[in-house]
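> First, the structure itself, so that you have it in front of you.
The values are calculated or read from the model by the stated rules, or taken from the named source; none is laboratory data. Please read all numbers here as calculations on a predicted model, not as lab measurements. Positions of Cβ are backbone-derived with ideal geometry, glycine not excepted, and every protein chain shown enters the neighbour counts.
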Amino acid sequence: MLTIAHIAELATGRAREVGTEIIRDAAVVVDGEKIVANGKTSQLLKRFPKRKGDKEIDATGKIVIPGFVDCHTHLVFAGSRAEEYRDKIRGVSYAALHKKGRGIHSTVAATRRASEEELFASAKKTLDEMLRLGTTTVEIKSGYGLTLGDELKILSVIRRLKKTAKQDIVATFLGAHTVPREYKGKRGAYVDLVVDTMLPRVAKEGLAEYVDVFCDPLGFTAKETGKIFARARALGLPVRVHGEQTAHGGGAAAGAKFHAASVDHCDHLRDGDIALMKRSGTTAVILPGVLLHTMEWQNTALPAVVKKLRAARVPIALATDYNPGSSPLLSMKLVMDLGMRFFRMEGGECLAGATGHPAVALGLGKRVGSIEAGKQADLLVIDAPSVAEYLYRIGESPIALVVKKGAVVIKN
């Protein structure tokens, strides 16, 4: 048994709207991979007296929060887009780069050339860094292959990562990320390839828990998205959607129709979309790192959208959207910092957005995302005197310990 005692402040994650339950001078008791109890140190030390072989961690002067859940990443890819970023600094838009065959297309070309071993080594290194930064559960999408063989290659890498990485990993098939260049003028044929060939193979081999589509003027139409989602659901695969990012494209409505777990990006959500998401129980996933990296924070409607989502009580998750083009960001702490500053979200909302809400969006809400009896012991011990002080400081992530499934996996 493991007891973490004398915690200055424990943020359990149980209350997930504008605040979070805070217990002062707290303790957490862990048995194996599961949390047994949390509460006041004085009470728990009496309930669970130390036995031979038990371990105790003194967290005096430190806080404890749930491990971060990053519910939107594209971390299996090859190549770099660092040179491309110089053009962005000079004012070339993401859409303009995409239309010139750069952007996603350049990463697709590099990923197709890479071997499975090369992709695995790179992705494993990324996951190790994310763990150091406190991310204990990660969603990973395919989408940089765009052929049957290359999409299967990426999904095979994700399957290997599930077996070797310390994090829990959720795989998402994103064969409909963009129309590959070789299908220019033949987009219907590519949609048919996804629907008739890729999806059945992915489902048969059990390579993904979810299916995603980039429903956007730069990607796929709402009608095409609906066709892909109908096939996915017929094969028993739930869906999520990149929706309303560069313009309103009907992705949120298409997702809600098929009870999507989440609509991600949400920059151009309309009032009707929010109502549909509320009815379908769909989580809004906001990706502030994209605004930072693409330098679009002054031109976005997202602050107003987030305000409306909050008013409608649609759950809001935050994620890194780690990818080489629009968000080369690994830190969920920085994502929370941006959520507070770009959207005026409360600190407790951001903490819920980085833990409990994304866990629900990944179908893992009963297992991870909060510090409660019966849940998996995924938690962070942080060298900060209070939760408010930790959230107030920009970019700092003074993590002392990362605990995953009851074991200390990172010690700083």
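> Please work out which one of (1) within 18 Å of Ile158 (Cβ to Cβ); (2) acidic (Asp, Glu); (3) crowded, with 18+ Cβ neighbours inside 10 Å is the condition Glu244 fails and give its number.
(1)
> Between a first residue in segment 41-55 that is within 11 Å of Met1 (Cβ to Cβ) and a second residue that is part of a loop (DSSP other than H, G, I, E, B), which pairs have beta carbons less than 6 Å apart while being 6 or more apart in sequence or on different chains?
From residues that are within 11 Å of Met1 (Cβ to Cβ), the pairs are Asp54/Met1.
> Turning to a different aspect of this structure: Answer yes or no as to whether Lys204 is within 21 Å of Ala252 (Cα to Cα), without any contact (Cβ under 8 Å) to a residue 40 or more places away in the chain and of a type in the set (Lys, Arg).
Details: within 21 Å of Ala252 (Cα to Cα): no; without any contact (Cβ under 8 Å) to a residue 40 or more places away in the chain: yes; of a type in the set (Lys, Arg): yes.
Against the criterion (within 21 Å of Ala252 (Cα to Cα), without any contact (Cβ under 8 Å) to a residue 40 or more places away in the chain and of a type in the set (Lys, Arg)), Lys204 does not qualify.
> Does Val290 count as of a type outside the set (Asp, Glu) and under 19 Å from Thr246 (Cα atoms)?
Judged against the criteria, Val290 is a match.
> Among the residues of segment 181-225, which ones are crowded, with 20+ Cβ neighbours inside 10 Å and of a type outside the set (A, V, I, L, M, F, W, C)?
The answer is Tyr190, Tyr210, Asp212, Asp216, Gly219, Glu224, Thr225.
> Which condition breaks for Lys62 when tested against (1) in contact (Cβ under 8 Å) with a residue 60 or more places away in the chain; (2) surrounded by fewer than 16 Cβ atoms within 10 Å (Cβ to Cβ); (3) among the basic types (Lys, Arg)?
(2)
> Grab the strands (runs of 3 or more DSSP E) fully contained in segment 1-98, keeping just those with 2 or more residues being under 30 Å from Asp150 (Cα atoms). Spell out the reasoning first.
Working: elements: 2-11, 22-31, 34-40, 55-58, 63-66, 68-70.
By residue number, 68-70.
> If you don't mind, another one. Restricting to segment 18-66, what's the tally of residues that are among the charged types (D, E, K, R) and in contact with a helix residue (DSSP H, G or I) (Cβ under 7 Å, 6 or more places away or on another chain)?
Here is the first cut: in segment 18-66, the ones among the charged types (D, E, K, R) are 21, 24-25, 31, 33-34, 40, 46-47, 50-52, 54-56, 58, 62.
Keeping just the survivors that are in contact with a helix residue (DSSP H, G or I) (Cβ under 7 Å, 6 or more places away or on another chain) gives 25.
Going through segment 18-66 one residue at a time, the tally reaches 1.
> Here is a follow-up. Among the residues of segment 342-391, count how many are of a type outside the set (Lys, Arg), in contact (Cβ under 8 Å) with a residue 40 or more places away in the chain and part of a loop (DSSP other than H, G, I, E, B). Can you show your working first?
So the first thing to find is which residues in segment 342-391 are of a type outside the set (Lys, Arg), and the list is 342-343, 345-365, 368-374, 376-391.
Checking which are in contact (Cβ under 8 Å) with a residue 40 or more places away in the chain leaves us with 342-343, 346-364, 368-374, 376-388, 390-391.
When the remaining residues are screened for being part of a loop (DSSP other than H, G, I, E, B), the result is 346, 354-355, 362-364, 368-374, 377-378, 383-386.
Looking only at that region, the number is 19.
> For the structure I just gave you, tell me whether Lys125 is surrounded by 22 or more Cβ atoms within 10 Å (Cβ to Cβ) and among the basic types (Lys, Arg). Spell out how you get there, then give the answer.
Numbers: surrounded by 22 or more Cβ atoms within 10 Å (Cβ to Cβ): no; among the basic types (Lys, Arg): yes.
Against the criterion (surrounded by 22 or more Cβ atoms within 10 Å (Cβ to Cβ) and among the basic types (Lys, Arg)), Lys125 does not qualify.
> Still on this structure, I have one more. Any chance you could count how many residues in segment 154-180 are surrounded by fewer than 20 Cβ atoms within 10 Å (Cβ to Cβ) and of a type in the set (Phe, Trp, Tyr)?
Matching residues across segment 154-180 total 0.
> Can you name the condition, by its number, that Leu75 falls short on among (1) surrounded by 15 or more Cβ atoms within 10 Å (Cβ to Cβ); (2) under 23 Å from the mean Cα position of the chain (by Cα); (3) not assigned by TED's automatic domain parsing to the domain that holds Val263?
(3)
> Looking at segment 23-53, which of the residues that are closer than 21 Å to Leu391 by Cβ and more than 28 Å from the chain's Cα centre (by Cα) is surrounded by the fewest Cβ atoms within 10 Å (Cβ to Cβ)? Steps first, answer last, please.
Step one: of segment 23-53, the residues closer than 21 Å to Leu391 by Cβ are 23-26, 28, 38.
This time we only want the ones that are more than 28 Å from the chain's Cα centre (by Cα), so: 24-26.
On the way: Arg24: 12, Asp25: 15, Ala26: 25.
Taking the candidates together, the pick is Arg24.
> How many residues are under 14 Å from Asp216 (Cβ atoms) and of a type outside the set (D, E, K, R) if we restrict to segment 263-282?
5
> OK, next. Quick one: in segment 99-152, which of the residues that are modelled with pLDDT under 95 and not hydroxyl-bearing (Ser, Thr, Tyr) is farthest from Thr197 (Cα to Cα)?
Filtering first and then ranking leaves Lys100.
> What number goes with the only condition from (1) crowded, with 16+ Cβ neighbours inside 10 Å; (2) of a type in the set (S, T, N, Q); (3) over 22 Å from Arg367 (Cβ atoms) that Thr20 does not pass?
For Thr20, the failing item is (3).
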